[in-house]
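Q: Before I ask anything, here is the structure I am working with.
Throughout, read-outs are computed from the coordinates displayed, never taken from laboratory work. Keep in mind that this is a model prediction, so the values were computed, not measured. Neighbour counts are summed over all protein chains in view; Cβ atoms, including those assigned to glycine, are modelled from backbone coordinates with ideal geometry.
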Ligand SMILES: [Zn+2]
């Protein structure tokens, strides 16, 4: 994790900003998180109800910085936006969509968990990624009906719980569909979904 400098800088491109962090803010661990005017201009908000941002070249850089350099300031940026968005939802349990098994092999950092922790939002995880063995055991017919990507890893407390799934990036919507299917199969009646970023065309 990168340390925060005294001089406030754009949390994405590290350009110095006019505002400075006070020592009090730094001591409390609450540095100012701001974007420079250039980065502000690059932000595209999604027109979809269930996503916050729209994917573009700038966002691609932001995600790369976060996922591969594990930059905690980016977690704070997303955490702030997510908290705002959650005000419009009624739910009992917040649940990050587990990373795709193939992605997890490449890196161990769970960025969605990091964002929820940065937002001080408690979350639970019922979903586990299905192993290739679990996936291949199912017949073709069954595979078409049920989730191939996820299994339920813990006993679900109450089927009445309203679950809000959160994912970082939605592209085709397949992951969302699989996560939702696995939870419906486990008897959950109400499932909502939001993505930080939508790349849907
Ligand atoms: Zn910037």
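Q: At 7 Å along the Cα-to-beta-carbon direction for both residue 69 and residue 48, put a label point, then send me their distance in nm to one decimal.
A: Once both label points are built, they end up 2.8 nm from each other.
Q: Moving on. How high is the FRET efficiency between residue 131 and residue 40 when r is their beta carbon distance and R₀ equals 45 Å, given to the nearest 0.05?
A: So, using R0 = 45 Å, E works out to roughly 0.55.
Q: If I take R0 = 35 Å and measure r between the Cβ atoms of residue 156 and residue 18 in this structure, what FRET efficiency does the formula 1/(1 + (r/R0)^6) give, to the nearest 0.05? Write out the running numbers ahead of the final one.
A: Values: r = 50 Å, r/R0 = 1.42.
About 0.10, to the nearest 0.05.
Q: In addition: If each residue of separation counts as 0.36 nm, what is the full-extension length gain between residue 61 and residue 83 once their alpha-carbon separation is subtracted?
A: 5.7 nm
Q: With the crude spin-label approximation of a point 7 Å out along Cα→Cβ, what separation in nm comes out for residue 110 versus residue 190?
A: Roughly 2.5 nm, to one decimal.
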